[in-house]
Amino acid sequence: MSTTPTVLAAELALAWADIQRHHPELPDLAAPESLIGESSSACGAELSFERLLHEAVHGIATARGVRDTSRAGRYHNRRFLAIAEELGLDHPEEPHPSSGFSLVVLSPEAGRRYRPTMERLQRALQEHTAATSGDTPRSFRGPAARHGSSGGGVRVKAVCDCGRNVRVVPSVLAQAPIVCGGCGEPFRIPETAAVA
């Protein structure tokens, strides 16, 4: 089995640490693996350094106790925007009607600051894509893969030994363990066969 998801998770953690170096109040990234395999987030962006910086805005907002979204996390408000600017993200003048200021992009200054980190992460993302898209005429990945779906991206609750939980697509959890930052144990999907 390829170690590519592990390598990509390590690169995501290193990129996050680089952002923390410039913004020390940013909390640790508890499970970089949770970002792998997700094709999009509420902001509609593929996994990239820019998306990681977007997620860092949410991390800092959480650390500050700032409510930066509404409408179940879809609408990114002006408080999100203010923190995004601190982290080097530019934005359109007017908010999007349904997602607000979620469509932030890397500023030229931030691009220069993080260039080596972005290049390293981009290489890891390319290697991961190459290693996980090795379809051949003899491989079967199911109807969802053939029709461009993420594989039925319904998130379920996964728990760890200390009682923390995350919502995750089961196929993402199957790619590599997602480890709790609190207890160091992997998250797992609890048995649904328990007596109700």
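Any read-out appearing in this document is the output of simple, stated calculations on the displayed coordinates, not a laboratory observation. All figures in this text were calculated on a predicted structure; none of them were measured in a lab. In this analysis, Cβ positions are derived from the backbone assuming ideal geometry, glycine residues included, and neighbour counts consider all displayed protein chains.
Placing unit charges on the Cβ atoms only, positive for Lys and Arg and negative for Asp and Glu, gives the stretch 82-127 a dipole magnitude near 360 debye about its Cα centre.
In percent, rounded to a whole number, the relative contact order of the stretch 4-132 is 27, using alpha-carbon pairs under 8 Å and six or more apart. I'd like the FRET efficiency for residue 165 and residue 14, computed as 1/(1 + (r/R0)^6) with the beta carbon distance as r and R0 of 25 Å, rounded to 0.05. Efficiency, from the Cβ-Cβ distance: 0.45.
In nm, what is the difference between 0.36 nm times the number of residues separating residue 113 and residue 64 and their Cα-Cα distance?
The span from residue 113 to residue 64 would gain 15.2 nm if fully extended.
Rounded to the nearest 20 debye, the dipole magnitude of the stretch 4-132 is 180 debye, with +1 charges on Lys and Arg beta carbons, -1 on Asp and Glu beta carbons, and the Cα centre as origin. Treating r as the C-beta distance of residue 22 and residue 78 and R0 as 25 Å, the FRET efficiency rounds to 0.65.
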